[in-house]
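Novice: This is the structure, below, for whatever I ask next.
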Amino acid sequence: MEMNTIQTHCPFCSIACGLSIRVDLFGRPKQVEPRYDFEHNRGALCSRGILSLEWMRNRERLKKPLIREKDSFREASWSEALQKITSVFRSLIEKYGPTSIAFYASSRLSNETLYLFKKLCYEVVKTPHIDFNDRLGVASARAAYTLSLGSSKPPNPLADLLATNLILILGADPSSCHPVLMKYIFDAKDRGTRIVVIDPRRTQTARVADLHLQIKPGTDVAFLNGTLNQLITAGLIDRNFIAKRTKGFDSVQEVVSKYTSNRVAEITGIKEEQLRAFTRLYAQSPRVMVIHSRGLEQHPQGASAVLACINLALATGKVGKQGCGFIPLMGHVSGVTAFPNPSSYGLKEGYTIYEMVEAAYRNEIKGMYILASNPVVSLPDSSFVKAALRKLDLLVVQDVFLTETAKLAHVILPGSTLYECEGTINAVDGGCVELKKAFNAPKDAKEDWRIICEVAKSFGVSQGFDYRSVEEVFEELKSGTRETISLGMSRDLLVSEGAGNEKLYEDRFAHSDGLAAFYPVEYAEPADHVSSEYPLLLITFKTPYHFLTSSETGRVDFFNQKCPRPYLEIHPATAEKLRISQGDKVTVRSRCGEVEAVAEVTDTIREDCVAIPMHWFKEGWVNLIVPKQFDPTSKIPNYKSIPVSVERK
Amino acid sequence: MPEYGILVDFSRCIGCRACEAACKETNGTPEGINWIKNIRIGPEYGPDGNLILTMVSLNCMHCGKAPCIEVCPAKAISKRPDGIVLIDSAKCIGCKHCLWVCPFGAPQFNPAEGKMTKCVLCYQRVEQGKLPACVATCHPKALKFGTTEELSTYIREKAARRAQRASFYIIGLR
């Protein structure tokens, strides 16, 4: 049969692999094939990408708007659903003011959708409370980069990984989360690049490394400060670079001088020789690329850890050259969430997502519109989140599946996946890629950006929401882009606009004076310490199979067979002490709850740590026992060092 | 004629199982039957105290002198001139003899049809000049496809690079 081929991009991780979808003459998708003409993957694809059609064609897709009737849902027409949303939201606004309504969206949506969602929030509902799920992802990195380098834009393209002498992977596991990135790491290794991995778990990425340091979770600040101290003592810093391009080094020098190697060894649980070996490798390498991800950032000291890592690079002059710099990995492809600004609508900064949840719990927020996100599973202390969302007068959820969050909704709108809508989205290095519509969303489901326009229209605001195509939204978005570019919009866009394709930070940093700023950071003992009651540190991690809260991959047999239930990685020595053997059912307890898991006894984890995948499973998910604890700068939750106790069931 | 084969580079395999997924998508194998399977070895400590954690993807080796061909009572298994070993499912009687003798566990029994199945090295794709699905999708490039000659050249080049790098670190020879 004849087929059409549509070239688009993978909707999962931020590598945004190019792929083409073969669609038959009836518009039914048949097969996904990797594309050879996209630089990031060049014909490669991971299992999530290959099987992405499996869940898009799934029977459980939401096909019609649903309205809650007591404990169940009934199908409704679009006009009825929209009517209900606007009438309840209107009465809430009249009674309690517009600040009683909050908006929350996944950032795994196109730039256009997110722009319209923000516009709906600021222009139609006029509430400042809007947040995106990158609060749980790149928030720490963004905050730190903005403070230190002046812009949150990822400074280096992936190709720089092939032009460096050392790749330092801090708290990231590309082999599970960004599998296609491993191609770059292996290729670099073949060219003689040294690889260092800092991760409490011995992941498949760590196996590739020349040096793997299994530091205690949450001690990255001490580790990085200690390294900088050793380099300063040995005189291996770039005084010239510090004098010309940066400011505030003295304060950092003073702070890090307290991080002697025996103190760092004690804090991080790493032998001094190993710390020295790392410092030596770092100093010997003229060019260093740092890859970091949630393992570094999702801590009470998340932003500080990223700042410590930037300090190290600035002090040694390893920024702003080819093959020198940072790649902060985003968990997934992401639209720009920073534009437009609330201030341009005369509004203040609104609540972050957890502040919204807390406000909902104390009845301050009465209505919420959640777009394609699943906060019940993804936020810490899930039972509290559930209780808070239950208190809402109106919860609107727009998604493709009946997620745990959608189950609490009053109105559910059937949205679309990234294969079913047009738009642009950003990849890991800030490059903007174009998504094409390969096939239609099932039945009455609509493209997300059209739904938002219709919601606005049913509020009686049609001006500014009467777009004929997604290109018109893009043009409008672009007209304000000077701002957007500095906030992490696209490299490709810059080039196509002729604004120049200069290397970032080669001559100057993004602060107005062109200098990068050092921020001294101190290691702080976690407030929530391990105790005799909760003696182990829990790490949550992503498996190579499921994706985030697995609302999509959880519906694919292939992945469910590989990873069917929550499991607990535990070191043999710890397991023996607790009389746990392989395959035992265990109860993991923290101070906010307990969850069941199956023990997986493995040498790949530190003795004082245990680890559970972050995904959603029928039996329960790990965020039920993750207590509320946030980084003060970026408000990122702590998912990576939670005191727990483990007991055999 | 040169024979085709797939080379598995242990050092590069990260166990993401994209090969398994791609094989299933392309060949539509039923549940429980994986023509290529990713096997995990470890984590366990080796004799020198190092932690071993290795992943290996195994498919049919398309042997030069394949034992499955020798034992098949129905003469259903044959080797093509380009080296690809195929089971003719019209002739196969599902006796599982090939499973007994295969050193790699490649042939698998399909209970729905009562026949043996195994990797066909994506011969349709190969005939079109494409790579087998598992190799095409392998992003760490742990799987390599080619004639035996190409594969051995690849390994030698890798060894040569290793030697060159070592010489750089030891005697500074660029």
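The values are calculated or read from the model by the stated rules, or taken from the named source; none is laboratory data. The shown structure was predicted, so the numbers you read here are calculated from the model rather than taken from an experiment. Heads up, the Cβs are rebuilt from the backbone with ideal geometry, glycines too, and the neighbour counts pull from every protein chain shown. Heads up: the accessible areas ignore ligands, DNA and RNA and are worked out on the full protein's heavy atoms, side chains in. Shrake-Rupley method; radii C 1.70, N 1.55, O 1.52, S 1.80 Å.
Novice: How far apart, in nanometres, would the label points at A:Leu25 and B:Lys158 be if each is projected 7 angstrom from Cα along the Cα-to-Cβ direction?
Specialist: 4.7
Novice: Taking a probe of 1.4 Å, how large is the accessible area per residue of chain A, in Å²?
Specialist: Ligands and nucleic acids excluded, the figure is 36 Å² per residue.
Novice: Estimate the FRET efficiency between B:Glu31 and A:Arg362 by the formula 1/(1 + (r/R0)^6), using the beta-carbon distance for r and 45 Å for R0, to the nearest 0.05.
Specialist: So the FRET efficiency works out to roughly 0.35.
Novice: Label the stretch A:549-649 by shape, choosing from rounded, prolate and oblate, from the square roots a ≥ b ≥ c of the eigenvalues of the Cα gyration tensor; if a/c is under 1.5 it is rounded, and otherwise prolate applies when a/b is larger than b/c, oblate when it is not.
Specialist: It comes out oblate by the Cα gyration axes.
Novice: Moving to a separate point now. Where Rh is the Kirkwood radius over the Cα pairs of chain A, the temperature 25 °C and the viscosity 0.890 mPa s, what D in µm²/s does Stokes-Einstein return?
Specialist: Result for D is 97 µm²/s.
Novice: Using only Cα atoms, tell me the angle between helix B:18-27 and the longest principal axis of chain B; keep it within 0 to 90° and round to the nearest 10.
Specialist: Relative to chain B, helix B:18-27 is tipped by roughly 30 degrees.
Novice: How much FRET efficiency would the formula 1/(1 + (r/R0)^6) give for A:Ser531 and A:Glu607, where r is the Cβ-Cβ distance and R0 is 22 Å, rounded to 0.05?
Specialist: Rounded to the nearest 0.05, the efficiency is 0.80.
Novice: Now a separate question. Which residues does a label at B:Glu113 reach in the stretch B:1-32, if reach means a backbone N under 11 Å from a point 7 Å past the Cα toward the Cβ?
Specialist: From the stretch B:1-32, the list is B:28-30.
Novice: B:Asp88's amide H: which non-local residues (gap 5+, or another chain) put their own amide H closer than 5 Å, with H modeled 1.01 Å from N in plane and none for Pro or chain starts?
Specialist: B:Ile77, B:Ser78
Novice: Using a 1.4 angstrom probe, figure out how much accessible area chain B has per residue, in square angstrom, rounded to the nearest whole.
Specialist: 52
Novice: At a probe of 1.4 Å, how much accessible area disappears from chains A and B on forming the pair, both sides counted, to the nearest 100 Å²?
Specialist: Counting both chains, the buried surface is close to 2900 Å².
Novice: Just from the alpha-carbon atoms, what are the Rg and Dmax of the stretch A:152-216 in angstroms?
Specialist: For the stretch A:152-216, the Cα radius of gyration and maximum Cα-Cα distance read 11.5, 31 Å.
Novice: Over 32 Å between Cα atoms: which of A:Lys216/A:Lys348; A:Lys64/A:Lys153; A:Lys436/B:Lys24 fall into that group?
Specialist: In this structure, A:Lys216/A:Lys348; A:Lys64/A:Lys153 lie more than 32 Å apart at Cα.
Novice: For each pair in A:Lys258/A:Lys635; A:Lys542/A:Lys585; A:Lys63/A:Lys84; A:Lys183/A:Lys247; A:Lys183/B:Lys79, compute the distance between the two Cα atoms and list the pairs where it is over 25 Å.
Specialist: A:Lys258/A:Lys635; A:Lys183/A:Lys247; A:Lys183/B:Lys79
Novice: Hey, for a label at A:Lys258 modelled as a point 7 Å past Cα toward Cβ, could you say which residues of the stretch A:504-534 have their backbone N under 15 Å away?
Specialist: Those under the cut-off are A:520-526.
Novice: Taking the full set of protein chains and a 1.4 angstrom probe, give the accessible area of A:Val333 in square angstrom, rounded to the nearest 10.
Specialist: Accessible area of A:Val333: about 0 Å².
Novice: Further, regarding this structure: What FRET efficiency, computed as 1/(1 + (r/R0)^6) with R0 = 25 Å and r the Cβ-Cβ distance, is obtained for A:Ala387 and A:Lys70, rounded to the nearest 0.05?
Specialist: Step by step, r from the Cβ atoms, then E = 0.85.
Novice: Express in whole angstrom the spacing between the alpha-carbon centres of the stretch A:356-386 and the stretch A:509-534.
Specialist: 28
Novice: Still on this structure, please answer the following. Keeping every protein chain in place, order A:Lys183, A:Lys577 by accessible area at 1.4 Å, biggest value first, i.e. largest first.
Specialist: Order by accessible area, largest first: A:Lys577, A:Lys183.
Novice: Follow-up. Looking at the stretch A:295-402, which trypsin sites (Lys or Arg not before Pro) are in a loop (DSSP not H, G, I, E or B) and have at most 15 other Cβ atoms within 10 Å?
Specialist: Counting only loop positions with at most 15 other Cβ atoms within 10 Å, the trypsin sites (Lys or Arg not before Pro) in the stretch A:295-402 are A:Lys348, A:Arg362, A:Lys391.
Novice: Report the longest stretch of chain A that contains none of the chymotrypsin sites (Phe, Trp or Tyr not before Pro) sitting in a DSSP loop with at most 16 other Cβ atoms within 10 Å.
Specialist: By the stated rule (loop sites, at most 16 other Cβ atoms within 10 Å), A:37-649.
Novice: Oh, and also: Which trypsin sites (Lys or Arg not before Pro) in the stretch A:92-180 pass both tests, a DSSP loop state and at most 15 other beta-carbon atoms within 10 Å?
Specialist: Counting only loop positions with at most 15 other Cβ atoms within 10 Å, the trypsin sites (Lys or Arg not before Pro) in the stretch A:92-180 are A:Lys126.
Novice: Further question: Would you list, by chain and number, the lysines whose Cα falls below 17 Å from the Cα of B:Lys115, excluding same-chain residues fewer than 8 positions away?
Specialist: Qualifying lysines at Cα under 17 Å: B:Lys75, B:Lys91, B:Lys96.
Novice: Can I ask one more? So what's the angle, to the nearest 10 degrees on a 0 to 90 scale, between helix A:470-479 and the longest Cα principal axis of chain A?
Specialist: Tilt of helix A:470-479: around 50 degrees.
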